[in-house]
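Report on one structure; see the data block that follows.
The values are calculated or read from the model by the stated rules, or taken from the named source; none is laboratory data. Please read all numbers here as calculations on a predicted model, not as lab measurements. Cβ placement follows ideal geometry from the backbone for every residue including glycine, while neighbour counts extend to all protein chains displayed. Side chains included, ligands, DNA and RNA excluded: accessible areas come from the protein's heavy atoms. Shrake-Rupley method; radii C 1.70, N 1.55, O 1.52, S 1.80 Å.
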Amino acid sequence: MREYVSNRVYNLRKQKEVTQENFAEAVGVTRQTIIAIEKGNYTPSVLLAIKIARFFKKKVEEVFQYQYEK
């Protein structure tokens, strides 16, 4: 069984028309971290996930979803 966290960060950021650089600065990380999150290569800490969700005025569960494959 494979477990992972998917996210809507890329789509939400595009809807808000904000650059990766500006978004990264707003949540206190590097642009490279945002790239990794958007590609699904990095799962953020709980604190960062909360900051990201608040940036988009969403609940954490609306941005990040637990996934598993059998």
Inset, instruction - Just the number, please: carbon plus sulfur as a percent of the accessible area of the chain, 1.4 Å probe, no ligands or DNA/RNA counted. - result: 48 percent
Inset, instruction - Give me the number: length gained by fully extending LYS51 to GLU25, i.e. 0.36 nm times residue separation minus the C-alpha to C-alpha distance, one decimal in nm. - result: 8.2 nm
Legend entry - Inter-probe distance in nm under a simple model that places probes 7 Å from Cα toward Cβ, at ALA36 and TYR4: 1.5 nm
Inset, instruction - Kindly point out which whole DSSP H helices in the chain project their C-alpha atoms 24 angstrom or further along the helix axis while averaging a Kyte-Doolittle hydropathy of 0.5 or above. - result: none
Inset, instruction - Give the Cα extents of region 1-55 along the principal axes, in whole Å, largest first. - result: 36, 21, 20
Legend entry - Estimated inter-spin distance, VAL18 and GLU62, nm [label 7 Å along Cα→Cβ]: 1.4 nm
Legend entry - Qualifying GluC sites (Glu not before Pro) in the chain, DSSP loop, other Cβ atoms within 10 Å at most 13: GLU17
Legend entry - Heavy-atom accessible area per residue - the chain, 1.4 Å, Å²: 72 Å²
